[in-house]
Amino acid sequence: MAEIVFWILLITVTYAYIGYPLIIAIVNTLTKSNTKKPVKPAQTDEPQVTLFIAAYNEIEFIDAKIRNSLSLNYPKDKIKFLWVTDGSNDGTNLELKKYENIQVLHRDERKGKIGAINRGMPHVNTPIVIFSDANSLLNKDAIKEIVKEFADKKVGCVAGEKRIFAGDKDNAVNSGEGIYWKYESFIKSNESKLSSVVGAVGELFAIRTELFNIIEEDTILDDLIISLRIALKGYKIQYTPKAYATEKASANINEELKRKIRIAYGGFQAIGRLLPLLNPFRYPLLSFQYFSHKILRWAVVPFAILLLFPLNLYLAFVNNWQNLFSVLFFFQIIFYGLALIGFMIRSKPIKNKALFAPYYIFIMNLSQILGLVRFLSKKQTVNWERAKRG
């Protein structure tokens, strides 16, 4: 019985991290070689867009964000800028008044990012709204690349790419998060070619304004809920790496852990709010993608990893350390050894960034377990204390 459980857990972890990405990549390769590539409809006009930024106490990023926004390669008369600064008490709203053509909505009451989005959306009167964070900088052609994707009427949401500022030498957080988002970008790119991306990230994504519906005020992962509810309406979430937002990683591993635990809490919350996505009869392909990409990683893999080590130790011991279980246990020892090394040098900048990958994977899965504990205890406010950035 112990052997059966062990193999189920090991196969599940391997499938979630390696099997699923490879399957969709292989399917796309085979499909591409056997079918003609569909021609995207040409974007004949440049519609008006709103760049929407929900900001809380972001005064230190305003000048850079405004300069970046005004330098974007899109007709200036076609971009509207909307900032919602509810609850900010560091002068963020006052600082924004220095700039012309910036619409600022401000209330002293703070209701979190989703509260700001819900309040700001009735003020959006353009067909496309682009969400971005105050501390993220966009590439010059970001809006143009996003708008191109909306030429396809089946596209209801466009997800941009998230990138991390990288140096020649980085610490554990910079290296780990940078590697993680390259890995995620590979998956998202293949998901988009196959069907639809399983959600967008808040640093940069856009929707057809008419598809927005008010979101529950205690929602943590607003980007995920907004984008996937559009997918539930039958629209596609298109991914474009040609539009990307770049930001700094968390200042240290404690800040990153705080951020990850909150995201984990939001993931468990989202499972209950996106239950229709688990219906394979209604959403056959999207349901498969959602289960493989999100559900397994949120709710199964962290606990499988937790159980694999003692199970592997037991099976190697009862078999006198003379079979495959001893080899697998040896590899687990190597993984946790590398994670420990990553922990010991977590604040030191090094060139071999891959050395931090095991430690970052460990932190990600620890965050999921701690996030579940917080979710079950309901100890999470919708208001986010911004993580310090490097």
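Observations
- Computed lengthening from Glu60 to Ser326, 0.36 nm per intervening residue step minus Cα-Cα distance: 90.4 nm
- Rounded to 10°, Cα long-axis angle of helix 324-344 versus longest principal axis of the chain: 50 degrees
- Computed over the chain with a Gaussian network model linking Cα atoms closer than 10 Å, the most mobile of Gly202, Gly178, Gly272 is Gly272.
- Inverse of mean 1/r across different Cα pairs in region 224-325, Kirkwood, Å: 17.1 Å
- Where N is the number of residues in region 8-127, Cα Rg divided by 2.2 N^0.38 Å: 1.60
- Derived from the Cα gyration tensor, the three semi-axes of the equivalent ellipsoid of region 53-106 are 20, 11, 9 Å, largest first.
- Percentage relative contact order, region 255-376, counting C-alpha pairs under 8 Å, at least six apart: 38 percent
- In the chain, the portion of solvent-accessible area held by carbon and sulfur atoms comes to 61 percent [1.4 Å probe, whole percent, DNA, RNA and ligands not counted].
- Counting heavy atoms of the protein chains alone, Ile226 has an accessible area of about 10 Å² for a 1.4 Å probe.
- In the full protein context, region 220-311 carries 37 Å² of accessible surface per residue, based on a 1.4 Å probe and ignoring ligands, DNA and RNA.
- Acute angle (nearest 10 degrees) that the helix 20-34 long axis makes with the longest principal axis of the chain, alpha-carbon atoms: 70 degrees
- The three principal axes of the C-alpha atoms in region 72-206 carry coordinate ranges of 42, 40, 29 Å, sorted with the longest axis first.
- Pair-distance profile P(r), taking every C-alpha pair of region 143-240, with 5 angstrom steps and integer %: 2, 13, 22, 22, 16, 12, 7, 3, 1
- Sequence-separation-based contact order of the chain, relative, with Cα cut under 8 Å and 6+ spacing, percent: 21 percent
- Taking the helices alone, the chain has a mean residue ellipticity at 222 nm of -15000 deg cm²/dmol, built from -39,500 (n - 2.57) per DSSP H run of at least 4 residues and averaged over all its residues.
- Placing +1 on the Cβ of every Lys and Arg and -1 on the Cβ of every Asp and Glu, with no other charges, gives the chain a dipole of roughly 560 debye about its Cα centre.
- Degrees separating the helix 301-318 axis from the principal Cα axis of the chain, which is the longest one: 10 degrees
- Between the amide H of Lys80 and those of Val49, Thr50, Leu51, distances stay under 5 Å, these residues lying 5 or more places away or on another chain, with hydrogens modeled in the peptide plane.
- Distance in nm between pseudo-label sites at Glu217 and Phe165 (7 Å out along the Cβ direction from Cα): 3.6 nm
- Solvent exposure of region 71-160 as accessible area per residue, Å², 1.4 Å probe: 43 Å²
- For the chain, the equivalent ellipsoid built from the Cα gyration tensor has semi-axes of 37, 25, 20 Å, listed from largest to smallest.
- Relative contact order %, region 183-256, counting alpha carbon pairs below 8 Å whose residues are six or more apart: 38 percent
- Longest exposed-site-free window of the chain, the sites being GluC sites (Glu not before Pro) in a DSSP loop that have at most 13 other C-beta atoms within 10 Å: 218-384
The values are calculated or read from the model by the stated rules, or taken from the named source; none is laboratory data. Because the structure is a prediction, the values reported are computed rather than measured. Positions of Cβ are generated from backbone atoms using ideal geometry, with glycine treated the same way; all protein chains shown enter the neighbour counts. These area figures cover heavy atoms from the full protein model, side chains too; ligands, DNA and RNA do not enter into them. Shrake-Rupley method; radii C 1.70, N 1.55, O 1.52, S 1.80 Å.
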